[in-house]
2 protein chains.
Amino acid sequence: MGVIKRSEVRAAQARTAELFARAGIVMTPEEVAGIEVATFGLGDLEKEGLELVTYVNNDRYCAKELVLFPYQTCPEHLHPPVGDDPGKTETFRCRSGKVLLYVEGEPTERVQARLPEGSEAYYTVFHEVELLPGRQYTIPPGTKHWFQAGADGAIVSEFSSTSRDEYDIFTDPRIERIPVIVED
Amino acid sequence: MGVIKRSEVRAAQARTAELFARAGIVMTPEEVAGIEVATFGLGDLEKEGLELVTYVNNDRYCAKELVLFPYQTCPEHLHPPVGDDPGKTETFRCRSGKVLLYVEGEPTERVQARLPEGSEAYYTVFHEVELLPGRQYTIPPGTKHWFQAGADGAIVSEFSSTSRDEYDIFTDPRIERIPVIVED
């Protein structure tokens, strides 16, 4: 737990780069080499994980491109206040594939997502927002949320206030945001 | 001067929608219907103008998709401080085509752009930044800048702090940011 093999990171980066290319999203070689593979320390990247490129993150705004493999889930978390910052506000815009986003609010009766096996207890908000290409949703600060791709995976643009990922609060206490990469 | 015909707006919107579609950028029907066509009141949209869709503009951040037709130029301007806001910071990321961006700083010896005829006097900064797909540049607040597409036009993602376009200061005193649309 809490570690990921270097070869697994490289494979996920290559797969992510291929998905960007197929969607016509051009990345520089440096961006491809720096694709972030977030496993959240949970051991099964395919189940719970996220791939991303951060275009810009300054003291005013942030923009990222997120990739989810088929049915891959970004675990439930929220963005708390940090100092003078009331917490990150973020807008998710689906570019390709399908994303099921869950936020606080009236629970949807029959959610489409499949809860990641073994982690069911750590998913607690079930107000479903379905994002198809061209559709977007803005999440206020301090709001619990999680999201899962459909059968074809998904690419999501994230526009937000400053990102301070290290302060994110995950519902699952086993999660470690900073990955430990081990050589094969 | 200062007006644009409804039919010209519609034609520019249709052309912009086609460019988004060709680049694989999905817009909702509402977004297509609301494509902003900025003529800057200068009368020749093909020469000086800009087409855009604003995805989100809240009190923290803003994201837009900008389109330039071949050799179309967004006139020189800057984003001043507004109240507590030090002025808009913006990041341009080229998605397709080529953009020549000019900012304050050491003038480039032979600039690639063609100055819009009749408006030459209102272009005063010539530090050239060439943006090809996947390349980006961040413009600090209060910095004069202008940009022009290459022969194939361009699509540019803009990530920024809050947009307050109505406060933009243009070098060309003839410019009116808010268009007057007349029926044919």
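The values are calculated or read from the model by the stated rules, or taken from the named source; none is laboratory data. If you're wondering where the values come from, they're calculated on a predicted model, not measured in any experiment. In this analysis, Cβ positions are derived from the backbone assuming ideal geometry, glycine residues included, and neighbour counts consider all displayed protein chains. When the accessible area is computed, the model is the full protein with side chains, heavy atoms only, and any ligands, DNA or RNA have been set aside. Shrake-Rupley method; radii C 1.70, N 1.55, O 1.52, S 1.80 Å.
For A:Leu115, state whether it is assigned to a strand (DSSP E or B) and more than 11 Å from every other protein chain (Cβ to nearest Cβ).
Considered against the rule, which asks whether it is assigned to a strand (DSSP E or B) and more than 11 Å from every other protein chain (Cβ to nearest Cβ), A:Leu115 comes out as no.
Looking at segment B:83-105 only, could you name the residues that are within 19 Å of B:Val53 (Cβ to Cβ) and either free of Cβ contacts under 8 Å to residues at least 12 places away in the same chain or of a type outside the set (A, V, I, L, M) (or both)?
B:Lys88, B:Glu90, B:Thr91, B:Phe92, B:Arg93, B:Cys94, B:Arg95, B:Ser96, B:Gly97
Listed residues A:Ile175, A:Ile139; which is modelled with pLDDT of 95 or more, open to solvent by less than 60 Å² (accessible area, probe 1.4 Å) and in contact with a Leu (Cβ under 9 Å, 6 or more places away or on another chain)?
A:Ile139
Of A:Thr138, A:Thr124, A:Thr108, A:Thr91, which residue is over 14 Å from the mean Cα position of the chain (by Cα) and within 14 Å of chain B (Cβ to nearest Cβ)?
Exactly one residue qualifies, and that residue is A:Thr138.
What number of residues within segment A:4-34 are away from chain B (no Cβ under 13 Å), in contact (Cβ under 8 Å) with a residue 24 or more places away in the chain and hydrophobic (A, V, I, L, M, F, W, C)?
Selection size over segment A:4-34: 3.
Out of A:Pro80, A:Pro133, report the one residue that is in contact (Cβ under 8 Å) with a residue 24 or more places away in the chain and either assigned to a strand (DSSP E or B) or crowded, with 17+ Cβ neighbours inside 10 Å (or both).
Answer to the check: A:Pro133.
Within 14 Å of chain A (Cβ to nearest Cβ), modelled with pLDDT of 95 or more and at positive phi, is that true of B:Gly97?
yes
Counting only residues that are charged (D, E, K, R) and part of a loop (DSSP other than H, G, I, E, B), which one in segment B:49-67 is farthest from A:Asn57 (Cα to Cα)?
B:Asp59
Could you figure out which of (1) under 20 Å from B:Met27 (Cα atoms); (2) at pLDDT below 95; (3) not charged (D, E, K, R) isn't true of A:Val180?
It is condition (1) that A:Val180 fails.
Which residue is nearest to A:Met27 (Cα to Cα), if the candidates are limited to segment B:83-98 and must be part of a strand (DSSP E or B) and of a type in the set (Ser, Thr, Tyr)?
Selected residue: B:Ser96.
Against the condition surrounded by fewer than 17 Cβ atoms within 10 Å (Cβ to Cβ), more than 14 Å from chain A (Cβ to nearest Cβ) and either in contact with a Phe, Trp or Tyr (Cβ under 9 Å, 6 or more places away or on another chain) or in a strand (DSSP E or B) (or both), how does B:Glu46 come out, does it pass?
So B:Glu46 passes the test.
Suppose we filter segment A:1-43 for residues that are more than 30 Å from B:Phe20 (Cβ to Cβ), in contact with a strand residue (DSSP E or B) (Cβ under 6 Å, 6 or more places away or on another chain) and part of a helix (DSSP H, G or I); how many remain?
2
Of all residues being within 11 Å of chain A (Cβ to nearest Cβ) and of a type in the set (S, T, N, Q) in segment B:55-73, which is nearest to the chain's Cα centre (by Cα)? Just the residue, please.
Filtering first and then ranking leaves B:Asn57.
Out of segment B:35-65, which residues are touching a residue at least 40 places away in the same chain (Cβ under 8 Å), aromatic (Phe, Trp, Tyr) and on the phi < 0 side of the Ramachandran plot?
Of everything in segment B:35-65, just one residue is touching a residue at least 40 places away in the same chain (Cβ under 8 Å), aromatic (Phe, Trp, Tyr) and on the phi < 0 side of the Ramachandran plot, namely B:Tyr61.
Would you pick out the residues in segment A:141-163 that are within 14 Å of another protein chain (Cβ to nearest Cβ) and under 14 Å from the mean Cα position of the chain (by Cα)?
Answer for segment A:141-163, where residues must be within 14 Å of another protein chain (Cβ to nearest Cβ) and under 14 Å from the mean Cα position of the chain (by Cα): A:Ala154, A:Ile155, A:Val156, A:Ser157, A:Glu158, A:Phe159, A:Ser160, A:Ser163.
Just to check your reading of the model, which residue among B:Ala121, B:Ala149 is of a type in the set (Gly, Ala, Ser) and in contact with a Leu (Cβ under 6 Å, 6 or more places away or on another chain)?
So the residue among B:Ala121, B:Ala149 that is of a type in the set (Gly, Ala, Ser) and in contact with a Leu (Cβ under 6 Å, 6 or more places away or on another chain) is B:Ala149.
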